[in-house]
Amino acid sequence: MTIAGKAVLVTGANRGIGRALVVEALGRGAGRVYAGTRQPLAHPDRRVTPLTMDVTNTAQIQAAAGQVESLDVLINNAGIWLFDDLSDRAALERHLAVNFFGTYAVTQAFLPLLTRSQGTIVNNVSLMALAALPLTPAYSIA
Ligand SMILES: NC(=O)c1ccc[n+]([C@@H]2O[C@H](COP(=O)([O-])OP(=O)(O)OC[C@H]3O[C@@H](n4cnc5c(N)ncnc54)[C@H](OP(=O)(O)O)[C@@H]3O)[C@@H](O)[C@H]2O)c1
């Protein structure tokens with residue numbers, strides 16, 4: 001798939017890999033880049049449309065989906081990575097809420113638009129999803 005002229009949505013777009021993906025999509029000629037962030041975002045490129053979207057917040061996800069007219073590529077990038085040893089149930093639940101159910105909820109919300117465009121879903125997951133590390137088991141599970 002080429003990115004030129006396409007509409008791309010990146011979650012967790014304000015920093016780290018997500019921010020780099022926004023830059024990359026713009027550099028490859030994306031027509032529109034939707035930048036999903038928890039805090040309001042200002043971006044100098046007019047092709048960037050900020051979407052306030054905590055991936056654990058159903059109302060925000062629905063509101064964001066309502067602002068997107070068409071979408072070709074959904075990049076599920078938002079995620080957390082915390083150290084744990086599975087003794088803390090809250091850490092596991094937090095990872096599942098963001099990395100697993102957050103990705104699931106965003107995907108479900110934007111699926112009709114992606115189906116219409118015959119688009120693509122990209123899930124940015126770690127190698128640790130395949131080969132778990134004892135330092136971050138909840139991250140690997142989620
Ligand atoms: N770094 C690596 O080596 C690596 C390798 C493979 C895969 N990954 C995956 O790549 C993704 C990005 O990693 P990164 O290194 O760029 O991480 P990062 O710098 O910690 O950035 C994480 C991004 O996710 C956002 N986020 C966290 N919780 C969120 C929520 N509930 N709703 C919406 N956004 C949320 C953060 O927003 P805030 O600024 O608001 O917190 C931030 O924009 C993650 O899913 C990670 O698992 C990372």
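Annotations for the structure displayed:
- Comparing Asn57, Val68, Ala109 along the charge dipole axis of the chain, the residue lying farthest to the positive side is Val68, per the Cβ-charge model.
- With the whole protein complex present, Glu24 retains an accessible surface near 90 Å², based on a 1.4 Å probe.
- Taking the Cα centre of segment 64-120 as origin and assigning +1 to Lys and Arg Cβ atoms and -1 to Asp and Glu Cβ atoms, the resulting dipole is close to 180 debye.
- Whole-percent carbon and sulfur share, accessible surface of the chain, 1.4 Å: 57 percent
- Environment charge at Ile75 (Cβ cut-off 13 Å; Lys +1, Arg +1, Asp -1, Glu -1): +1
- Normalising by residue count, segment 18-142 has a Cα convex hull of 114 Å³ per residue.
- Of interest is the spacing of the C-alpha centroids, which for segment 59-130 and segment 1-49 amounts to 16 Å.
- Crossing angle, helix 58-67 versus the chain [Cα axis fit, 0-90 degrees, rounded to tens]: 20 degrees
- The residues packed around Pro137, meaning those with a beta-carbon under 11 Å from its beta-carbon, carry a net charge of -3 if Lys and Arg are +1 and Asp and Glu are -1.
- Nearest-20 debye value, segment 27-89 charge dipole, Cβ charges on Lys, Arg, Asp, Glu: 360 debye
- Accessible surface of Ser140 - all protein chains present, 1.4 Å probe, nearest 10 Å²: 20 Å²
- With every protein chain in place and a 1.4 angstrom probe, the accessible-area ranking of Tyr139, Tyr34, Tyr104, largest first, reads Tyr104, Tyr139, Tyr34.
- For the chain, the relative contact order works out to 23 percent when only alpha carbon pairs closer than 8 Å and six or more residues apart are counted.
- Calculated [222 nm] ellipticity per residue, helices only, for the chain: -10500 deg cm²/dmol; basis is -39500 (n - 2.57) per DSSP H run with n ≥ 4, divided by all residues, nearest 500.
- Unit charges on C-beta of K, R, D, E only; dipole of segment 1-46, Debye: 60 debye
The values are calculated or read from the model by the stated rules, or taken from the named source; none is laboratory data. Here the structure is a predicted model, which means the values were calculated and not measured. Ideal geometry is used to build each Cβ from the backbone, glycine not excepted, and the neighbour counts take in all protein chains shown. What goes into the accessible areas is simple: the full protein's heavy atoms, side chains included, and nothing from ligands, DNA or RNA. Shrake-Rupley method; radii C 1.70, N 1.55, O 1.52, S 1.80 Å.
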